[in-house]
């Protein structure tokens with residue numbers, strides 16, 4: 001599914017090799033500065049490696065620009081404000097996520113079928129957001145906004161989901177709920193997922209395996 005071969009990035013990652021199988025949920029841990037976020041930025045295309053190759057479904061995407069790679073790689077960031085646009089409505093944010101990689105058409109974006117899909121996905125959150133499609137995202141709590149980010153990342157046909165410390169900015173109650181929602185949705189949709197975390201509880205409960213990154217090596 002995901003293969004990384006002899007990856008070197010910014011003197012942070014050195015000859016890194018990694019294979020992640022389809023539908024696998026992998027946790028990535030390591031000290032600050034170990035290269036975890038750099039690894040994710042290389043996978044998503046935000047950083048171009050010095051050398052090495054990144055393959056998704058045996059297709060070499062190493063030189064594919066981020067806007068093209070966004071069709072197959074979805075991200076959820078530590079700060080929910082990065083993954084959502086506060087000045088836009090819930091529907092508009094979901095439209096942007098849904099149309100990623102598709103031909104833009106306003107009639108498709110605003111269709112009743114899209115709203116039905118959005119409500120079905122949002123209902124799984126148990127937060128009542130399915131009845132607030134016209135609400136401005138800036139009015140949501142941090143936990144609600146991060147939950148929306150997860151739904152946005154799962155609403156497309158992306159092959160790989162990257163989660164970068166998605167609960168670090170949330171209180172314990174909100175964090176536990178986000179992890180529950182995320183794990184349930186990922187398992188249900190059989191997504192291939194890599195997740196950075198420092199949370200011991202998450203390391204103990206989540207994932208099929210744990211990768212430790214140290215000094216640029218796994």
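Structure above, values below:
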{"quantity": "Within segment 111-218, helices (runs of 4 or more DSSP H) holding 2 or more residues that are modelled with pLDDT of 90 or more", "calculated": "112-123, 142-154"}
{"quantity": "Residues that are surrounded by fewer than 16 Cβ atoms within 10 Å (Cβ to Cβ) and in contact with a helix residue (DSSP H, G or I) (Cβ under 7 Å, 6 or more places away or on another chain), drawn from segment 62-74", "calculated": "66"}
{"quantity": "Filter result for residue 138 (surrounded by fewer than 21 Cβ atoms within 10 Å (Cβ to Cβ), under 18 Å from the mean Cα position of the chain (by Cα), more than 24 Å from residue 26 (Cα to Cα) and touching a residue at least 12 places away in the same chain (Cβ under 8 Å))", "calculated": "no"}
{"quantity": "Criterion: surrounded by fewer than 14 Cβ atoms within 10 Å (Cβ to Cβ), over 15 Å from the mean Cα position of the chain (by Cα) and more than 16 Å from residue 162 (Cβ to Cβ) - qualifying residue of 91, 59, 114", "calculated": "59"}
{"quantity": "Residue list for segment 12-46, restricted to those being without any contact (Cβ under 8 Å) to a residue 40 or more places away in the chain and either in a loop (DSSP other than H, G, I, E, B) or surrounded by 15 or more Cβ atoms within 10 Å (Cβ to Cβ) (or both)", "calculated": "32, 33, 38, 41, 42, 45, 46"}
{"quantity": "In segment 186-205, residue surrounded by the most Cβ atoms within 10 Å (Cβ to Cβ) [restricted to those that are more than 17 Å from residue 32 (Cβ to Cβ) and under 12 Å from the mean Cα position of the chain (by Cα)]", "calculated": "193"}
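The values are calculated or read from the model by the stated rules, or taken from the named source; none is laboratory data. As the structure is a prediction and not an experimental result, all values here were calculated from the model. Cβ: placed from backbone, ideal geometry, glycine included. Neighbour counts: every protein chain shown.
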